[in-house]
Structure formats: C-alpha cells, structure tokens
Amino acid sequence: MNERDTSPIGFFQKYLTVWVILCMAVGICIGKFLPQIPEFLNRFEYARVSIPMAILIWVMIYPMMMKVDFRSIKDVGKNPKGLFVTWIVNWLIKPFTMYGMASLFFFVVFKAFIAPELATEYLAGAVLLGAAPCTAMVFVWSALTKGDPAYTVVQVATNDLIILVAFVPIVKFLLGVSNVSVPWDTLILSVVLFVVIPLAGGMLTRYFVTRKKGAEYFESTFVKKFDGITTIGLLLTLVLIFAFQGQVILDNPLHIVLIAVPLILQTFLIFGIAYGACWLLKLPHRIARRTCHNGWCIDRSAGDAFPRKNCKQNERQVPCMTKPKVAFICVHNSCRSQIAEALGKALASDVFESYSAGTETKPQINQDAVRLIKALYGIDMEQTQYSKLISDIPEPDIAISMGCNVGCPFIGRPFDDNWELEDPTGKSDEEFKKVIDEIRVRIMELKQRLGKNIEA
C-alpha cells in the first residue's frame, strides 16, 4: 500500500487555476493598453529566445534543479521504463496524433470558419508543435507534481538529443515539406539556458549548502524555502506570454479558440496515453513512499516496523519473492552501521540480506571496530566491506537508523526503526564491546522476528 503525501497544499497551488486565468487576463490587458512594455522587453532577444522569459524560467526550475543529486542520475538506468514511455509517446505517438487531430478539426469540424489556406498553415503549426518536445516547462510540470528531478533531467536531455535526428524526418513525412530547417542556434541556446545553467547552479547550491550544514538541513529546511518560487515564476511567465501576444489574441479571438480546441484535446489524449502506460507498467509516482517492496510489507498496524510475508496491495495479495533487504544507516558508514552489516551477514544471512550505508563516507572503516570485530568474531571487515553512500546499495525493504547522536542521517523517507545506539568512536574497548553486543542482540531479535514472518 502506498503512503499518501499529507503535506498541506500551499495557497498558490490550491487556487492555481484561478491565478492562471487571472494572469492570462492581466497579460492580455498589458498587451492591449500598455504595449510599450512588451515592445521594450522584445528588444532583449537572442536567437529567438527572450532573455526576460529565460530569467523567469530560471526562477521556475532552479528550485527543482537543487534537488537533483548526480549520484541518483546514475540510478535512472536501473528503471528505464519511464524513459521508454517518454520516448515512444513523444516521437512515435504525439506528432501523428497531433496531425490527425488538427486535420480533423481544421479541415472538417471547423471547415465553415477557417479558409483552406489558413487551415493548411494552422495544421503545419500544429505538427511543428507536436514534433518538438518541451524543454524548460517540463521541469516546471515535474516540480509542481513532485516528480523525480534526476529522472526529469535525463528525460529532457535524451529528448533534446533525439530531436536532432527525428524532428526533420517526422515533419517532412507528415507535411511533405522538404525544406524543413532546424534553428540550431535556438535549440543549442535553449538547452544551455534551460538545462545546463540552472542545473549547474542548482548542483553548486546543493554542494555548498550540504557541505556547510548537512544533507538533512538542505532537504528538510533549505529547499522548502523555495516551495512557492516555481509557482510565482510560472504565473509571471504567463503574464509575459500573453502580454507579448495580447493584441494578436484580441484581433483573432475566434481563430484562437478554434485552434485551442484540437490542441487541448490532443494534450489530454497524450497525457492519458502516457498515464495509462505508466499505470500498466506500475511505474511509481515520486510522491508515493512505498511501504511494500518486493512483496515485503511494513506491518504498522501492530505498532512495529517489520515485514509480513504477504500484504494487500490494490486488493490483491503480494507474495514474498525474496529475502528482505535490511539497510543499517548512519552518517559516515564507518562504525556502527558497518558492525551491523558484518554481524547481519554472519548471523542472519539465512533470513535477510544485510547492507550498510551513510549520507557521507569515510576513507576507511573505524579501525577499532575492525580490530574488535576480528578479535570477537573472526570477521575481517576490511576485506569484505567499505564505506558506502545510500545510493550505492540496493533499495532496502527495511531501513534502520543506528542513532542520531552524531547527526541524524537523511535518506529521503522515514526510517522503519531507530536503534538509538551511542557512537563508540574514540571510546574505550569496553564501551566499544557494549555497543557491539547491543548490535548483536538487535540483529538476533530482527532475525527471529523476520524468521517467524517467513514461516507464517
């Protein structure tokens, strides 16, 4: 069963539809009664890219780019289904359905209202629109729907590469136009402005803030300061867009409405196809924190945080297919979590798989821990283990925090348990042994509990 995101909806987000309509109206009024403003802003343009628009788009997507962790980008390839969906929908479905939808309305449904030559021009515009995937605005929609920032970056980047080879052939095939040209300067500038620059800025911000105040502060406090920025940037962008086109809209209101009909229907069609494909492929939504992984479900009804063998998911039983993956997490992954991984592998490998990781790493495992575990259990941790980041291990079914006395690790979701162990680093061997023995006891309790669930 998926957890729902219960965070409250902001004021702007709650009434976003109202604000969008108001901003459209304000933009049209500016274009009509204050044409000097869009005329002045139009001066700041290079390669058909409006610099004021670019700045507003930066405002929109910068908060999302800060959430991109390069370490998570490499994991996108582990779940390529989402990439296949966006590629197929963007390049094998959208241009052709756009052509069909536009032809139907411009040449048949609205035949009495649109002259044939204008219908042909509108069709060409619709096809060009359908064959060119968005870049910057994709980040905005993803941010507003709490999408995965790293995955979105890869989706946009790959579509920008595909457009280099697919755009011209598709347009030529649909329209029979042989002299289709790609505005290379506009394309390259757009990628640099709307992907490279904000991504670099976001990554640098993430690096320096995390380095100074830690990952938990960055995720739970710093990023949240920018929650409303994307929405504000979106609304200001709408004002500017409609200010630029205000007079055109007022001069051709009927045709604007007629053109909008197939474009809106096409948008709903494509969204429906993409959503249906993602649903059939069981692709997770980024805001849904799963408490059921690989058939192991967290039994919270009993007040604990350990798996049952089966659970109901969408009114069906999900069988247990594999041993659960247990991750022991602390900040540096050098001492307590390493001990837990070693003892878990030695004492409970028949019941669960043991991993350890941290939000930061150390050059080597705590040498006192290495020495004592070798003396007590004959396990040489330096031969089989090393300091790892959370992104370096498989997604765990159970995530256990070793304790927060030296800082509480942040993993992007709640921990299933917190052992609240003292960090023995720098303390006597006796204190170290007490912690080791406590970890052994916890490991055996976990083994017993999970073992009973397997037998159930």
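Just so it is clear, none of the values below were taken in a lab; they were calculated from the coordinates. This is a predicted model, so every value here is computed, not measured. When we count neighbours, we look across all protein chains shown, and the Cβ atoms used for this are built from the backbone with ideal geometry, even at glycine.
Here are some notes:
- Per-residue Cβ neighbour rank within 10 angstrom, fewest leading, Cys29, Cys330: Cys29, Cys330
- Using a simple spin-label model with pseudo-atoms 7 Å out from Cα toward Cβ, Leu129 and Phe226 lie 3.0 nm apart.
- Theoretical FRET efficiency, 1/(1+(r/R0)^6), r = Cβ-Cβ of Glu422 and Lys81, R0 41 Å, to 0.05: 0.40
- Pairs beyond 20 Å (Cα-Cα), from Lys388/Lys433; Lys388/Lys447; Lys67/Lys213; Lys81/Lys323: Lys388/Lys433; Lys388/Lys447; Lys81/Lys323
- Packing rank of 52-63, 32-43, 236-247, where each peptide gets the mean count of other beta carbons within 10 Å, highest leading: 52-63, 236-247, 32-43
- Sorted by Cβ density within 10 Å, fewest first, the residues His332, His255: His255, His332
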